[in-house]
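Below is one structure, written out as structure tokens, with a few remarks after it.
The values are calculated or read from the model by the stated rules, or taken from the named source; none is laboratory data. This is a predicted model, so every value here is computed, not measured. Every residue, glycine among them, receives a Cβ derived from its backbone with ideal geometry; neighbour counts consider all protein chains shown.
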Amino acid sequence: MGKHHEKLLNNLEGARKAAGLTQQQLSERAEVSRKSINAIENGVYVPSTVLALKIAQTLGCSVEDLFRLPTR
């Protein structure tokens, strides 16, 4: 799994790279800033449900493929 926020683990960077997209390309397709994509990938920002769904749809995967809660 990629870098993560204390409350959310994410694999966005890996999924984005596997799709052959740059942060800029993903941001344009998901209609969000490149800085937002970067902040999510680095675990600085937790995306809203709507943004998580848009990113997953753009990458052709499920939200669960990108994000998960840490195990307790």
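Among (1) exposed (fewer than 12 other Cβ atoms within 10 Å of the Cβ); (2) outside any helix (DSSP H, G or I), there is one condition GLU64 misses while meeting the rest; what is its number?
Here GLU64 clears every test but (2).
Could you run through segment 29-52 and say how many residues are in a helix (DSSP H, G or I) and either within 9 Å of the chain's Cα centre (by Cα) or surrounded by 15 or more Cβ atoms within 10 Å (Cβ to Cβ) (or both)?
10
Taking segment 41-54, which residues are at pLDDT 95 or above and aliphatic (A, V, I, L, M)?
Correct list: VAL50, LEU51, ALA52, LEU53.
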